[in-house]
Amino acid sequence: MSKLSLELSQKEDRDLNIDERKEKYRNCELICKKNWKHIITNHYYCMECLNEETDDKEKAHLQYGICKECSQPNTGNIICQLKASSTNGIIEWIPYNKFTNIKYVATGGFAKVYSANWIDGYIRGWDLETKNWKRKKQKKVALKELNDSSKDISKGFLNELETLVKLLELNPFIVPLYGISQHPDTKNFILVFKYIDNNFHNIQGFTPLKILESRLINICTSLVLIHLNNLVHRDLHISNILQDDKHTYISDFGLCRPANEINDQNIYGVLPYIAPEVLRRKPYTEKSDIYSLGVIINTLISGKLPFEDRLFDRFLIIEICRDGKRPEIRDEIPSILKDLIQKCWDKIPENRPTIEEIIEVLTSEELMYKFINLQLDLAALPSSSSSTKYKSRLLDLPYLSELEPMSTMQIATGTVIYSNIHIIAYCLFNLLKIYLNLYSDDLSALSKY
């Protein structure tokens, strides 16, 4: 093997990514001219030079070269600096040391969330005079640290992240994503979002009309923009809707799975909000979002989280799919809204209304009039983040045969097929045989008298 000196401070070598360096110096033992140290073959950069470098961008430049998409230092992952006009700039790589006052907020299904102050703040535009970015200084942000993302991030997850970035260009009611970072200790990747001091659950003292105007119509407006762009949210539930003083936002678009998940057959989410066809392992569609929206509408109007008194287990899944079980609707709800909610969670997806039809009902004069005179005693919704069952997670799905309607469900025993009534009779018959076997001696003794 020949020996070659590699000066990574020179542009032609520093700009190469790991694969390009590997190809260029495949049969060489590399030595850094500056420190005269052997370069570790699978790194293709000098560790001593890296430790001496103080600038974060130059460290990334030395380690990973230049990204061919954005001409900026790479991050060591195909997550780089994705363009997004929603922030009038770019979704950027943000060094972790740019965050201060980091505080734990909550733990979700696949991530931990923190609040922090971002020293530089997000990019607002380009300053022609200073030839530099204009920024919103000392911006409070939400840091979403993705569990188990340090080693690998799946292609599917990255595709969903790319979809989110594209959607931000079109929809002002999706929580803005400012950038990506990485925790220095865990090495997990972090999504940096606009921080929203959420008060969505606080509906105490609200009139039904105020809930309709300040919550439901805004949610539908966000969803109609998603569906108009042939996109599906996939994880709509009450905790993914945020409310600040001015706007209602939909969050976690398409990010309802672990970052390293590669099995598309796994179903993630919060059970009461997941459409029965999805539980039957069919694809998510716009109609699946409509089902989730129906549950959200009922949750807000009833002031009660769905299936609070139930375990979110296989038995509830069977009842939802096989028996058509749905959350309770309050008796006081006007029939026009009750009918809409029931149509939203119809077991047949094609029977569910479109988002445009839902908006038409919610903004109708008939419903507005009924809501003006409707009195409901609403308490603040309990925070769904306070219970693990209301967090997105991998569902333990029953066998498909268990989800079939009761009337057609049959059990085969040998060559005999037992219907439901036969199953009961068969079980009782076997219990009787067991009883007779256990007490046969006693019965024989009694027969002597």
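The values are calculated or read from the model by the stated rules, or taken from the named source; none is laboratory data. Only a predicted model underlies this, so the values are computations on that prediction, with no experimental measurement involved. All Cβ positions, glycine included, derive from the backbone under ideal geometry; neighbour counts span all protein chains shown.
Annotation note: of 255, 231, 242, 279, the sole residue that is closer than 23 Å to residue 312 by Cβ, aliphatic (A, V, I, L, M) and at pLDDT below 80 is 255.
You will find that of 122, 104, the residue that is under 30 Å from residue 392 (Cβ atoms), assigned by TED's automatic domain parsing to the domain that holds residue 178 and surrounded by 13 or more Cβ atoms within 10 Å (Cβ to Cβ) is 122 and no other. Tallying residues that are crowded, with 21+ Cβ neighbours inside 10 Å and under 14 Å from residue 249 (Cα atoms) within region 223-234 yields 3.
Checking every residue in region 328-337 against the condition of being free of Cβ contacts under 8 Å to residues at least 60 places away in the same chain, surrounded by fewer than 22 Cβ atoms within 10 Å (Cβ to Cβ), within 22 Å of residue 365 (Cα to Cα) and in contact with a Phe, Trp or Tyr (Cβ under 9 Å, 6 or more places away or on another chain) gives at least one match.
Scanning region 258-276 for residues that are modelled with pLDDT of 85 or more and among the charged types (D, E, K, R) yields nothing.
If I ask for residues that are in a helix (DSSP H, G or I) and either under 24 Å from residue 212 (Cα atoms) or of a type in the set (A, V, I, L, M, F, W, C) (or both), which ones from region 314-330 would you list? 315, 316, 317, 318, 320, 321, listed by residue number.
The single condition among (1) closer than 23 Å to residue 225 by Cβ; (2) modelled with pLDDT of 80 or more; (3) under 22 Å from the mean Cα position of the chain (by Cα) that residue 167 does not meet is (2).
Within region 308-367, the only residue that satisfies the criterion of being of a type in the set (Gly, Ala, Ser) and closer than 20 Å to residue 223 by Cβ is 364. For region 279-313, which positions are out of contact with any helix residue (DSSP H, G or I) (no Cβ under 8 Å at 6 or more places or on another chain) and either assigned to a loop (DSSP other than H, G, I, E, B) or loosely packed, with under 15 Cβ neighbours inside 10 Å (or both)? Answer for region 279-313, where residues must be out of contact with any helix residue (DSSP H, G or I) (no Cβ under 8 Å at 6 or more places or on another chain) and either assigned to a loop (DSSP other than H, G, I, E, B) or loosely packed, with under 15 Cβ neighbours inside 10 Å (or both): 282, 283, 303, 304, 308, 309, 313.
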